[in-house]
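What follows is one structure encoded as structure tokens, with my remarks underneath.
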Amino acid sequence: MRIGTFMKASLTVAALAFGTAMTSSSVQAQNLLGNPSFETPSAAAGDVSNAPGAPWAGFNQGTLRFTTASQAHTGTQSVKTFGPFDGIGGGVGANQVVPVVPGVSYSGSIFARQITGDVLAGLNFGAYQLQYLTAASAPIGASPFESTHFTSSSGTDTWVQLSVNAGVAPANAAFIRAQFVQVQLGDGNGNQVGGAIYWDDASAAALGVSNDGFPSRFWACTEDEVIAMPNASAATVSDAFMNVPIRINPSERD
Ligand SMILES: [Ca+2]
């Protein structure tokens, strides 16, 4: 009874607090990725292979992925991939893994560009992928969530944003892996072909607003204030405060 009265008294404050919270969270979701603009390692003195720098982990040959100051969406450089040439179906790129909170939705994007004189040939393509992982780093789901493919027909000398929505992090998710990859599919007759992709401004972020336009978050209340806990699970809130998860639904906001 005491808690019920307490919650009701707090709702007015909560409703007022939503205005500010929604503005900040929906306009600019926090990018969870490190080195998202591929500004390290510095390519000011020339291209640097075996890139991008940490916390990205590159895969396939280091000479097929490097930072370059010749193209940039933001900042002064991007990462360039080409090939790979180790077989049809091979891929070159990089990924990084960041923590997630089950029950929260995540999405991300990256910008890709190809330039005149080195356009992707044949069936080769690039893609941006997100995949949830368990605490033991096991992939959840048979395949990653994937953006539309960046191909020879995706435009030339222009940055194209590739977006991917991973949906709600399942209960057994501990991490999400963000990955960009250039795939060698060849000319369709088994021959490997060329072309390169520049990548910049990768992101992975929690969606701060739910489908009904209201923050899908738990709030902790004290007698004097309402505290937004953007990354809190129900358990976190209840453990930290009054052992009762408080979720404010749209119908309750008045
Ligand atoms: Ca950049």
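Has segment 84-92 got any residue that is assigned by TED's automatic domain parsing to the domain that holds VAL193, modelled with pLDDT of 95 or more and within 16 Å of the ligand (Cβ to nearest atom)? No, the conditions are met nowhere in segment 84-92. Listed residues THR81, THR74; which is within 13 Å of the ligand (Cβ to nearest atom) and modelled with pLDDT of 95 or more? It is THR74.
This table checks each residue for (1) within 19 Å of GLN96 (Cβ to Cβ); (2) touching a strand residue (DSSP E or B) at 6+ places or on another chain (Cβ under 6 Å).
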{"residue": "SER109", "(1), (2)": "yes, yes"}
{"residue": "ASP118", "(1), (2)": "no, yes"}
{"residue": "GLY122", "(1), (2)": "no, no"}
{"residue": "TYR128", "(1), (2)": "yes, yes"}
{"residue": "TYR132", "(1), (2)": "yes, yes"}
{"residue": "ILE140", "(1), (2)": "yes, yes"}
{"residue": "GLU146", "(1), (2)": "yes, yes"}
{"residue": "GLY155", "(1), (2)": "no, no"}
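Do we have THR68 as within 16 Å of the ligand (Cβ to nearest atom) and over 22 Å from the mean Cα position of the chain (by Cα) here? So THR68 passes the test. With respect to TYR128, determine if the residue is of a type in the set (Ser, Thr, Tyr), closer than 19 Å to VAL168 by Cα, buried (at least 18 other Cβ atoms within 10 Å of the Cβ) and within 16 Å of the ligand (Cβ to nearest atom). So TYR128 passes the test. For THR40, state whether it is within 16 Å of the ligand (Cβ to nearest atom), out of contact with any helix residue (DSSP H, G or I) (no Cβ under 7 Å at 6 or more places or on another chain) and in the same structural domain as ALA173 (by TED's automatic domain parsing). So THR40 does not fit the description; no.
Please go through segment 141-153 and pick out each residue that is over 18 Å from ALA206 (Cα atoms) and either in a loop (DSSP other than H, G, I, E, B) or among the acidic types (Asp, Glu) (or both). Within segment 141-153, GLY141, ALA142, SER143, THR148, HIS149, THR151, SER152, SER153 meet the criteria.
For segment 170-180, a residue qualifies if it is surrounded by 21 or more Cβ atoms within 10 Å (Cβ to Cβ) and assigned to a loop (DSSP other than H, G, I, E, B), and exactly one does: ALA173. Quick check: is even one residue across segment 159-169 touching a residue at least 12 places away in the same chain (Cβ under 8 Å), surrounded by fewer than 20 Cβ atoms within 10 Å (Cβ to Cβ) and over 22 Å from ALA29 (Cβ atoms)? Within segment 159-169 (the criterion being touching a residue at least 12 places away in the same chain (Cβ under 8 Å), surrounded by fewer than 20 Cβ atoms within 10 Å (Cβ to Cβ) and over 22 Å from ALA29 (Cβ atoms)), the answer is no, since none of the residues qualifies. For the subset of segment 129-140 comprising residues that are of a type in the set (A, V, I, L, M, F, W, C) and assigned to a strand (DSSP E or B), which member is farthest from PHE82 (Cα to Cα)? Checking each candidate, the answer is LEU133.
The values are calculated or read from the model by the stated rules, or taken from the named source; none is laboratory data. Since this is a predicted model, take the numbers as computed values, not measurements. Here the Cβ is made from the backbone with ideal geometry for all residues, glycine too, and neighbour counts use every protein chain on show.
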